[in-house]
Amino acid sequence: MTKITKEEVNKVAHLARLELNEGEINNHAEQLEKILEYIKQLEKIDTNDVPSTTRAIEVINVFRKDSNKNSDCTEEILELGPSREDKYFKVPKIITE
């Protein structure tokens, strides 16, 4: 495997709009090298008989039947607002012509 160069780290840092000093460049180069070595180890694992997954734990939606319910709490809800006009909330005008 080829070694990650300072130029490559600088190029990625530039693309990510990061300003790195010399110590950070060396540190990132070493860390990227370790990550690539780990990926190289993972590539050796045989995963042919392993099914693809999107999550570690399967998520199942719990559905309920939709039903209509009549609710007559309009007055209570309108009382919660700062201002009202008839059956509506009154808000300040924000559009000018």
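Since every read-out is calculated from the coordinates, none of them should be taken as a lab result. All values derive from a computational prediction rather than experimental measurement. Every residue, glycine among them, receives a Cβ derived from its backbone with ideal geometry; neighbour counts consider all protein chains shown.
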Hz values of 3J(HN,Hα) by residue in segment 83-97 - Karplus curve (6.51, -1.76, 1.60), Gly and Pro given as x: 8, 9, 9, 6, 9, 9, 6, 9, 10, x, 5, 10, 10, 10, 9
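Which of the residue pairs Lys3/Lys40; Lys6/Lys34; Lys69/Lys90 have a Cα-Cα distance greater than 22 Å in the structure shown? Show your work: numbers first, answer last.
Numbers: Lys3/Lys40 13 Å; Lys6/Lys34 15 Å; Lys69/Lys90 27 Å.
Going by Cα-Cα distance, Lys69/Lys90 fall outside the 22 Å limit.
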Taking alpha-carbon centroids only, segment 65-92 lies from segment 14-55 a number of Å equal to 54
Mind pulling the angle between the C-alpha long axis of helix 6-15 and the longest principal axis of the chain? Nearest 10 degrees, somewhere in 0 to 90. 20
Mind telling me which of Leu20, Leu80, Leu42 comes out most flexible in a GNM of the chain, alpha-carbon contacts under 10 Å? Leu80
Hey, what angle do you get for helix 22-43 against the long axis of the chain, alpha-carbon based, 0 to 90 degrees rounded to 10? 90
If you build a Gaussian network model of the chain, linking Cα atoms that sit under 10 Å apart, which residue out of Asp49, Asp86, Asp66 swings the most? Asp86
What's the FRET efficiency of Glu30 with Ser71 using the Cβ-Cβ distance as r and R₀ = 41 Å, to the nearest 0.05? 0.05
Would you mind checking which residues have amide H under 5 Å from Arg84's amide H? H placed 1.01 Å from N; only 5 or more apart, or other chain. Lys90
